[in-house]
Amino acid sequence: MALAPRTVMWWARLRSLCPCAAPRCLPPWLPGGSAACKRLYGSRDKEKLDMSAYPVENIRNFSIIAHVDHGKSTLADRLLEITGTIAKTARNKQVLDKLQVERERGITVKAQSASLFYNHEGVNYLLNLIDTPGHVDFSYEVSRSLSACQGVILVVDANEGIQAQTVANFYLAFEAQLAIIPVINKIDLKHADPERVEKQIEKLFDIPIDECVRISAKQGTNVEKVLQKIIEKIPPPQCNTADPLKALVFDSTFDHYRGVIANIALFGGEIQKGHKIVSAHTKKRYEVNEVGILTPNEQPTHKLYAGQVGYVIAGMKEVTEAQIGDTLFLYKQPVEPLHGFKSAKPMVFAGMYPVDQTEYNNLKSALEKLTLNDSSVTIHRDSSLALGAGWRLAFYTAFMFGTVLKLRMEQVKHFLAFSPICLLSYSVYLFVNLQYVLFICFQEYGKAEITIINPAQFPDKISVSEYLEPTVLGTIVTPQEYIGKIIVLCQDRRAVQKDMLYIDEHRVMLKYLFPLNEIVLDFYDALKSLSSGYASFDYEDAGYQAADLIKMDILLNGNPVEELATIIHSDKAYATGKLLCERLKDAIPRQLFEIAIQAAIGKKIIARETLKAYRKNVVAKCYGGDITRRMKLLKRQAEGKKLMRKIGNVEVPRDAFIRVLKREPDK
Amino acid sequence: LQWPYCRKRCSYCNFNTYVVPAVDEEAVQACLVREVRTLLRLSQVKSITSVFFGGGTPSLASPSTIAAVLEAMAGAAHLPSDAEVTLEANPSSTTTQRLAGFKAAGVNRLSIGVQSLDDVELRLLGREHTAAEAQAAVEAARGLFPGRTSIDLLFGLPGQSLDAWTQRLEAALGLCDDHISLYQLTLERGTALAAQVWGGALPAPPQDLLADMYQAARTMMVAAGFRHYEVSNFARKGALSTHNLSYWRAEQYIGVGPGAHGRFVPRGEGGCSREARVQMLEPIAWMQAVQSSGHGTGKRVMLSPLEQLEEVLALGLRTDEGITHERWGHFSPHLSLEAVFEAPGQALQQQGWMVLDSGGLRCTERGLAVLDSLLPDLLCQLQRS
């Protein structure tokens, strides 16, 4: 729904293309002259493209990967311009970043793709650019985009050099055995040092210096050369139109009117309207309504052929029906599903409860809109004795919570901006939980494995033989002067060093195995603040490891506070318990009775703070002139009381938990 | 009745007062008189029980102004000769001669802003007078208004110890008449003193020390034969302030003068429900309004039955008598005190904060000290009923 106004804007740009642009190879949907200018919007009524003109050997499927802000989106804009896919105007700023939140923040969250047409030495090529997210929290989405490619352009900033995400992205591409074209961007900058970056690339990635292309995407310098390299270095996809249909779903979006639009890469066969197709994952059958390419908005075609990339609309109602990594095939012509598809398992969970239960339905519709377009998060209804009805959000990636959730909530807010309840997203209780695995010994049945999300489900210690916690392998690239502080930070987060390598004389790459719960909330912020923003970080899931986990309760006058119960490593329990108690003491106002604030493991109290009772709280003067002001204040307090969370007889303001859970930046 | 002018602004005061080089007293007097007439007509009040000249520093006004205003009242309504007529006075503007003038004008009760009997504390508060001047002023006042002189004291000043406070109070008890108001210093936004405390230049008094001061004062006052009849007010020999009691009992009152507040039913213009009224704050604007339309009311809000009950509750519980069934019934004929407060009352009663019995609803001694923590729950209860 939110995308509709942008679609219109797109067509406005395409129309303005005719007189001013001089593309090398006119895109086939723009036969030239005024015909294109008459097209407004609504792609169905125009002539469909014939994609059979692009045999497999003339197709290149590639991605651009880069650390955040290294210029990936700008390069994409230039490629689109040179090939005449979009008009050359000053307004072409990161046109692939469709979501408004992406535009506003200059980062890409969801991958968008575009097909480019380029004539090289007399041959017409079809270049499919599959855009990837450029932010630290989105490796998952990067990897799924790469599965549809045969090669990547690895963009590195000529000034900043290799960063953590460059490393992570390189290995994703390397492990997928993709052709890698290193591109050094921003050579126009004053402090650009392409030689140094070329040496880093050679040392770290073992790519010869002379393979690097030095460009300025902003000014367009050498961008043509990148196109030539794509054709020369990246192999065409290995597949055959004569084979049965085999299509990889690598992304999906939701259109309010047309349902799910699945982005697909054809590894064999062809697909067209009327085909009956089956999802290898769900076994559900669909009839194809429309196929086409992305330019970057949807452009219908008669067919899609092996090796091509495009979209299919086939009556899928929910994004979850188009699972990323799923294989589509023709009904009664089953194929071996594509390698590497795993049914995604959620890694991070968040409980979300509206503070005011009357907001439940509003928040519900907002969350539903959010998940429609984003298959990396799903919502399930949940309820808590203490907090009422709410949801459990499951995220299919080990992203760092603080950053991304804020982003995603901004998207929610974005949706809400169309309704009168835009402030809603701020009044929710939100709790992050990880999934833990416990092995439990039952005398009769032997060993059993259970997974735990909610601390309330944490079993008695006696029965558990082993506790496992999720981990990630983190990559940090930093100027060497911060190494000391960063090592201390990592050790404090229970991380184990796996690797340390000088990538040039000033920069170091560190690899650490982190327990996920040590980084999920605020590690990135802490790292950034202690390195004055110079250190970069990326990570990938690294499975589960054994850990000494316990459940810690926080009690107010003996009553457990459900929101603050945590599963925690035993080494951290005392310090965390003490800190939480101290914070709570500051966050809860004095009341008419003394309040004991305690941290407990089982029955054992490990920390305690005491909040003394009010002995005097009455305003001294209250005469004729003071009464109005007094009543206003008292009534505001009375209103505030209604929003307080009652734990036993203790009243806790709604922001107290958030204030308590917010970690201070590490010193 | 509000006299809005002061010679100097005190460091703790955020009232609507003005320090001007020369007051056109004739004009102000004329406006006060005119507004008194207009508002008395509006309210259709037949008989006046008490008059309070507050401020500002009304003792800076001349006795003839006070006389003129009282004459205007007597002309527009019945003003019995034994009606309480209080004037707030500063020790720095209360020579025996002036006080005699006020007495001749009709004032029969004085409230003297002593604030402290220590010169260092008085300087901290930005007062114009010394402890000796305060003492002299009280003695002069007691001579002219025996049994009807009240003094104000402040406690909880930055840096003040419990001992220092009890010594001040001891000295005051040696000096005072039958009425004392003991106010915990409230740091008001926008005052010089608050800025110094919040900026860290002066220490903020700890909560527990303030509670100790309040308790110590109460104990001393009760031992000296005083009745603790309101949070900050003590009286013996029945010398309670009639005027202030009428605020806490939610009776009708008319506010006259810049920034004065009133609560009354404007029957004169056909009104039948109680209104909250505030006169215009700024004296010049107020005067212009009075000159052109007879009164300078800046804001009037009709109070709903619920709002009236909220005021009855919040104010009445400040007194030792609490809210009687009779007064509650006057504002809430259909829903009794028991009907509203039975359930929470029991809990609060068990915890020793409140009493609900045949005398009405009131705080215990302990409860009175934490009334502001009790009120939000009681107000919620009231809204639910």
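The values are calculated or read from the model by the stated rules, or taken from the named source; none is laboratory data. Predicted model, so just to flag it, every value in this text is computed and none were measured. Because the Cβ atoms are built from the backbone with ideal geometry, glycine has one as well, and the counts that use them run over all protein chains shown.
What's the total number of residues in region B:43-61 that are more than 21 Å from B:Ala239 (Cα to Cα), small (Gly, Ala, Ser) and crowded, with 17+ Cβ neighbours inside 10 Å? Steps first, answer last, please.
From region B:43-61, those more than 21 Å from B:Ala239 (Cα to Cα) are B:43-47, B:55-61; that's our starting set.
Among the residues that remain, those that are also small (Gly, Ala, Ser) are: B:43, B:47, B:55-56, B:59, B:61.
Narrowing the set further to residues that are crowded, with 17+ Cβ neighbours inside 10 Å leaves B:43, B:55-56, B:59, B:61.
The total comes to 5.
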*Hey, B:Asp372 hits all of (1) out of contact with any Gly (no Cβ under 8 Å at 6 or more places or on another chain); (2) in contact (Cβ under 8 Å) with a residue 60 or more places away in the chain; (3) within 14 Å of another protein chain (Cβ to nearest Cβ) but one; which does it fall short on?*
(2)
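Restricting to strands (runs of 3 or more DSSP E) lying wholly in region A:551-667: which have 1 or more residues that are touching a Phe, Trp or Tyr at 6+ places or on another chain (Cβ under 7 Å), more than 14 Å from chain B (Cβ to nearest Cβ) and closer than 24 Å to A:Glu469 by Cα?
Working: elements: A:566-569, A:595-601, A:604-611, A:645-647, A:650-652.
Those strands (runs of 3 or more DSSP E) span A:566-569, A:604-611.
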*Return only the number of the condition from (1) at negative phi; (2) in a loop (DSSP other than H, G, I, E, B) that A:Tyr171 does not satisfy.*
(2)
*asked:* One residue is enough: does region A:167-183 have a residue meeting the conditions free of Cβ contacts under 8 Å to residues at least 60 places away in the same chain, closer than 18 Å to A:Asp504 by Cβ, crowded, with 20+ Cβ neighbours inside 10 Å and of a type in the set (Val, Ile, Thr)?
replied: no
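Could you tell me whether B:Ala136 is surrounded by 15 or more Cβ atoms within 10 Å (Cβ to Cβ), farther than 26 Å from B:Asn16 by Cβ and touching a Phe, Trp or Tyr at 6+ places or on another chain (Cβ under 7 Å)? Don't jump to the end; show me each part of the working.
Details: surrounded by 15 or more Cβ atoms within 10 Å (Cβ to Cβ): yes; farther than 26 Å from B:Asn16 by Cβ: yes; touching a Phe, Trp or Tyr at 6+ places or on another chain (Cβ under 7 Å): no.
Taking the combined requirement at face value, the residue does not satisfy it.
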*List pairs: first in region B:204-232 and not assigned by the TED database to the domain that holds B:Ala194, second of a type in the set (Gly, Ala, Ser), Cβ under 8 Å, 6+ apart or cross-chain?*
none
*asked:* Could you tell me how many of the residues in region A:312-330 are among the hydroxyl-bearing types (Ser, Thr, Tyr) and surrounded by 24 or more Cβ atoms within 10 Å (Cβ to Cβ)?
replied: 0
_With the requirement that a residue be out of contact with any Leu (no Cβ under 7 Å at 6 or more places or on another chain) and more than 17 Å from A:Tyr539 (Cα to Cα), what does region A:469-509 give you?_
A:Pro479, A:Gln480, A:Glu481, A:Ile483, A:Gly484, A:Val488, A:Asp492, A:Tyr502, A:Asp504, A:Glu505, A:His506, A:Arg507
*Quick one: in region B:32-46, which of the residues that are within 23 Å of the chain's Cα centre (by Cα) and not charged (D, E, K, R) is nearest to B:Ala61 (Cα to Cα)?*
B:Leu32
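Here is a check on your reading of the model: is B:Leu193 under 14 Å from B:Met220 (Cβ atoms), surrounded by 15 or more Cβ atoms within 10 Å (Cβ to Cβ) and either within 22 Å of the chain's Cα centre (by Cα) or charged (D, E, K, R) (or both)? Step through it out loud before you land on a result.
Numbers: under 14 Å from B:Met220 (Cβ atoms): no; surrounded by 15 or more Cβ atoms within 10 Å (Cβ to Cβ): yes; either within 22 Å of the chain's Cα centre (by Cα) or charged (D, E, K, R) (or both): yes.
So B:Leu193 does not fit the description; no.
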*Answer yes if at least one residue in region B:31-51 is within 24 Å of B:Ile284 (Cβ to Cβ), outside any loop (DSSP other than H, G, I, E, B), in the same structural domain as B:Gly101 (by the TED database) and of a type in the set (Gly, Ala, Ser), and no otherwise.*
no
*Quickly run through region B:123-153 and pick out the residues that are under 18 Å from B:Gly174 (Cβ atoms) and aliphatic (A, V, I, L, M).*
B:Ala131, B:Ala132, B:Ala134, B:Ala136, B:Ala137, B:Val138, B:Ala140, B:Ala141, B:Ile151, B:Leu153
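Got a sec? Which of A:Lys461, A:Lys485, A:Lys528 is of a type in the set (Lys, Arg), surrounded by fewer than 18 Cβ atoms within 10 Å (Cβ to Cβ) and within 21 Å of A:Asn159 (Cα to Cα)? Walk me through how you get there before you give the answer.
Numbers: A:Lys461 fails: within 21 Å of A:Asn159 (Cα to Cα); A:Lys485 fails: within 21 Å of A:Asn159 (Cα to Cα).
So the residue among A:Lys461, A:Lys485, A:Lys528 that is of a type in the set (Lys, Arg), surrounded by fewer than 18 Cβ atoms within 10 Å (Cβ to Cβ) and within 21 Å of A:Asn159 (Cα to Cα) is A:Lys528.
Anything in region B:364-378 that is within 12 Å of B:Leu317 (Cα to Cα) and either of a type in the set (A, V, I, L, M, F, W, C) or part of a helix (DSSP H, G or I) (or both)? List them, or say none.
Correct list: B:Glu365, B:Gly367, B:Leu368, B:Ala369, B:Val370, B:Leu371, B:Asp372, B:Leu374, B:Leu375, B:Leu378.
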_Given the options A:Ala344, A:Ala350, name the one that is surrounded by 14 or more Cβ atoms within 10 Å (Cβ to Cβ), under 30 Å from A:Pro653 (Cβ atoms), modelled with pLDDT under 70 and under 24 Å from the mean Cα position of the chain (by Cα)._
A:Ala350
_Residues to consider are A:Asp586, A:Asp626; find the one that is within 30 Å of B:His261 (Cβ to Cβ) and among the acidic types (Asp, Glu)._
A:Asp626
